[in-house]
1. Shielding of B:58-64 by partners, i.e. mean partner chain Cβ atoms within 10 Å per residue?
2. Which of B:V164, B:V183, B:V247 ends up with the largest GNM mean-square fluctuation for chain B, with Cα atoms connected below 10 Å?
3. Which helices count as membrane-span-like in chain A under these terms: full DSSP H, at least 20 Å along the axis by C-alpha, Kyte-Doolittle mean of -1.0 or more?
4. Ignoring everything except DSSP H segments at least 4 long, calculate the 222 nm mean residue ellipticity for chain B; use -39,500 (n - 2.57) per segment, divide by total residues, nearest 500.
5. Over chain A, with a Gaussian network built from C-alpha contacts below 10 Å, which listed residue (A:R74, A:R94, A:R57) shows the highest mean-square fluctuation?
6. Mind checking which helices in chain B clear 20 Å along their axis (Cα) and have mean Kyte-Doolittle hydropathy of -1.0 or more, DSSP H runs only?
7. Please compute the Cα-Cα pair-distance distribution of the protein assembly as shown with 20 Å bins starting at 0, giving whole percents from short to long.
8. Which percent of Cα pairs goes in each bin when the distances of the range B:156-280 are cut into 5 angstrom slices starting at zero?
Amino acid sequence: MGNVERCDKTLPSNEMIYRVRRDPALRARFLTDLEGLARDFGLSRAEYEAVRDKDPRRMMDLGIHQYYVPQILRLFFGAAHNSNASAALECYQRAFPEETAKAMALQARLERGR
Amino acid sequence: MAEIVAAMAMTHSPGLTGWFTRASQDYQQQALQATAEMRRRLVAARPDVVVMFSNDHLLNWPINNVPEYTVGIADEHVGPADWFDEWLAMEQYRVPGHSAIARWLVNEGARRGLALAYLREMQYDDGISVPTHYLNPDAQFKLVPVTMNCTVPPIPTPERAYHVGTLMRELLRAYPGNERVAVVATGGLSHEPGGPRYFWVDEEFDRWFLDLLKRGDHAALLRECTLERLEEAGSGGTAELLAWVLVLAFTRGPADVLAYMPAVAWRSGTGMVVWNEMAR
């Protein structure tokens, strides 16, 4: 089965992101005190570091649900008018160079062909 | 007895409102023409209420307790949710609900063995907001939103979605009122939100799936389009097409594919479909 099967439904990070993105006060704290927030939600050190380092591969290896990974990047980079497109793309290029390069080549080919 | 008067489906990718102009002029024009045609046909069908089948992107329910289906039972629906407004580049919208039909689905569904969760105040991300922007911009049709789970394992199968669609059709038609009801599926086509293939679109899968809809052979679609095939074409995202499979159960015969764009820029295979004939 697919990549979503790798998520750990019981991982504290998944509960934390659900709460944080619904709550402006927690969103602010995510930026100013991520370590304290992670401690309050019971994240492991490895979870905290993967989130802090904005590393999609490590986040998913630990069991963070894939849908929450770009949400975490948006918490860091902002969301207005897709302003995180290049920053998020860079994180994915570092974490999944092969898959991301393939996607970018497809986009280039499709845009040339039309 | 309520009457089903229209059935259609469209992609709800946030790029369709949030960063529309990042895609080519050609794609922008195709998307605008296809959604305008959907709206023209929706208006012509004169529905009193639109039942919109979408999916919850881990917004309304925490991951420890994700229902298979959830009905929004409010008298009025307000979106987009805080946190999604900037992402979708949308102003706040308000659409009247049809709480009597929504509550009927929940209660009569229970009597018929279908467990539907409900929310009095549902939050709206791209799943409901983007189609509402294109199909019901003046809030002239009442809305009953139904969201499903297609991303937290276990993901329901296409057979299950089709079965639930059959039950939903029977439930709506048994409603003790004479409302005219349109059903709209939102989501898909191929994409893998947040996964390793986040920026990928599977054009071959998308065209194959749309051809199955054009053929209109439901048994063949359910035989060939397995959950494994959906997941191969983009984990946790392509399975949004379960909403399309659910709505398929309201229809008969071939679908009109109004547009298809393998829009990597919008991060989703993007398509618009209308069915001409409703199931009896």
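1. 6
2. B:V164
3. Answer set is A:97-112.
4. -10500 deg cm²/dmol
5. A:R94
6. Those that pass (Cα extent of 20 Å or more, hydropathy at least -1.0) are B:25-44, B:158-173.
7. The calculated distribution, bin by bin, is 30, 60, 11.
8. 2, 12, 21, 24, 18, 12, 7, 4, 1, 0
The values are calculated or read from the model by the stated rules, or taken from the named source; none is laboratory data. Note that the structure is predicted; figures quoted are calculated from it, not measured. Here the Cβ is made from the backbone with ideal geometry for all residues, glycine too, and neighbour counts use every protein chain on show. Only protein heavy atoms, including side chains, enter the accessible area calculation; ligands, DNA and RNA are left aside. Shrake-Rupley method; radii C 1.70, N 1.55, O 1.52, S 1.80 Å.
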